[in-house]
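Written below as structure tokens is the structure these notes are about.
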Amino acid sequence: MRPTGYFPRAKKRLRANGQMLLMCALPLLKIFVFSYLPMIGIVLAFKNYQPRLGIFGSPWVGLKNFEFFFTSKDAFRVLRNTVGMSVLNLAVCTFANVSVALMLYEVSRKRLLKLYQTVLFIPYFFSWVVVGLMLTVFLNQRDGLLTAFVYQLTGQRVDFYAAPRAWIAFLPAISVWKGVGFNSLIYYSVLMSIDTELFEAAQIDGATRFQQIRCISLPFLRPMLCVMLILGAGGIIRSDFGLFYFATRNSSQLYPVTDTIDTYVFRALMQNSNFTMSAAVGLFQNVVGVILVMLTNFLAKCYNRDYALF
């Protein structure tokens with residue numbers, strides 16, 4: 001039984017918050033249509049999909065669709081590249097984002113600050129196709145700028161699209177260049193919320209700029225840093241498809257380093273049109289991602305409850 005007066009109070013709250021609820025209606029509808037309804041397609045991972053029978057009419061095959069990936073001779077290499085490069089990108093990008101945010105916070109002139117933010121933010125809007133074409137200008141074997149520079153130093157022309165080890169450094173550098181302008185704003189907004197009297201008191205006590213960063217700025221950034229790492233942990237098993245496919249021009253000679261789960265499944269899907277296999281691998285990535293998020297959140301909560309995401 002509802003307590004007396006429950007419905008009048010609910011009606012009153014609905015009337016008071018009606019405008020806010022109306023503003024949330026379309027975003028919630030979008031999330032429901034594009035995020036929750038497609039979850040019905042998870043059953044494809046356990047079926048032998050036949051278009052004439054439809055999703056629910058196709059026969060069940062159990063875990064057979066998962067065998068394509070896990071029994072493949074390339075499974076270990078693909079998993080190693082996905083996890084290894086994702087961890088490397090996460091570490092390098094996090095360090096770069098925090099460093100850029102700290103440097104922007106040290107800029108005293110507002111005009112220069114806006115200029116730096118604009119210059120750093122522009123690459124974020126470039127598509128990976130455009131980034132891949134831009135890289136060709138630098139890495140092309142015949143007339144690339146970086147290739148010509150290396151030739152002037154060593155007298156040899158290096159084909160970077162046939163040198164897998166070089167891309168261990170190229171891929172994190174490209175990720176930083178493209179995303180540091182946007183991601184550093186998250187940490188910069190935290191720095192802007194710090195009371196400036198703390199820095200003034202530290203200066204009076206004789207603290208250097210590095211001591212102020214270590215004792216004031218970094219402790220304030222720590223909760224946000226933990227939250228971003230928790231969210232980033234969920235993407236360790238899922239690589240950035242545009243980075244590993246378009247930036248590398250899908251060069252087969254780079255597969256020892258750049259072939260990840262997403263690119264491997266995409267090529268298999270293009271060759272075999274096996275939608276069920278793609279659904280199976282996608283489900284595997286999502287389940288592992290959720291487990292990693294829960295695990296890292298648990299570790300953060302053990303360290304400090306205020307650093308946990310939930």
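Taking segment 52-76 as the region of interest, how many residues are open to solvent by 50 Å² or more (accessible area, probe 1.4 Å) and in contact with a Phe, Trp or Tyr (Cβ under 8 Å, 6 or more places away or on another chain)?
3
Is it the case that some residue within segment 226-248 is closer than 30 Å to LEU133 by Cβ and more than 17 Å from the chain's Cα centre (by Cα)?
Taking every residue of segment 226-248 in turn, at least one turns out to be closer than 30 Å to LEU133 by Cβ and more than 17 Å from the chain's Cα centre (by Cα).
Suppose we keep only residues that are part of a helix (DSSP H, G or I) and in contact with a helix residue (DSSP H, G or I) (Cβ under 8 Å, 6 or more places away or on another chain) within segment 134-144. Which one would you say is nearest to LEU243 (Cα to Cα)?
LEU135
Quick one: how many residues across segment 203-245 are in a helix (DSSP H, G or I), hydroxyl-bearing (Ser, Thr, Tyr) and either farther than 24 Å from GLY84 by Cβ or open to solvent by 70 Å² or more (accessible area, probe 1.4 Å) (or both)?
1
Taking segment 263-302 as the search range and keeping residues that are loosely packed, with under 12 Cβ neighbours inside 10 Å and not hydrophobic (A, V, I, L, M, F, W, C), which one is farthest from ASN48 (Cα to Cα)?
So the residue we want is GLN271.
Here's a check for you: in segment 136-172, which residue that is under 30 Å from MET228 (Cβ atoms) and surrounded by fewer than 13 Cβ atoms within 10 Å (Cβ to Cβ) is modelled with the lowest pLDDT?
It comes out as ARG165.
What's the total number of residues in segment 173-183 that are among the β-branched types (Val, Ile, Thr) and either open to solvent by less than 20 Å² (accessible area, probe 1.4 Å) or more than 30 Å from THR147 (Cα to Cα) (or both)?
So the answer is 2.
Just need a number here: residues in segment 184-202 that are open to solvent by 50 Å² or more (accessible area, probe 1.4 Å) and closer than 28 Å to ALA91 by Cβ.
Of the residues in that region, 4 qualify.
Residues VAL131, VAL158: which one is outside any helix (DSSP H, G or I), in contact with a helix residue (DSSP H, G or I) (Cβ under 8 Å, 6 or more places away or on another chain) and farther than 25 Å from ARG214 by Cα?
None of the other options fit; the residue is VAL158.
Criterion first (β-branched (Val, Ile, Thr) and not in a loop (DSSP other than H, G, I, E, B)) does THR248 satisfy it?
no
Based on this model, can you work out whether LEU112 counts as open to solvent by less than 80 Å² (accessible area, probe 1.4 Å), modelled with pLDDT of 85 or more and in a helix (DSSP H, G or I)?
Judged against the criteria, LEU112 is not a match.
The values are calculated or read from the model by the stated rules, or taken from the named source; none is laboratory data. These figures come from a predicted structure and were not determined experimentally. Backbone-built Cβ (ideal geometry, glycine too); neighbour counts: all protein chains shown. Surface accessibility is based on the protein's heavy atoms, side chains included, excluding ligands, DNA and RNA. Shrake-Rupley method; radii C 1.70, N 1.55, O 1.52, S 1.80 Å.
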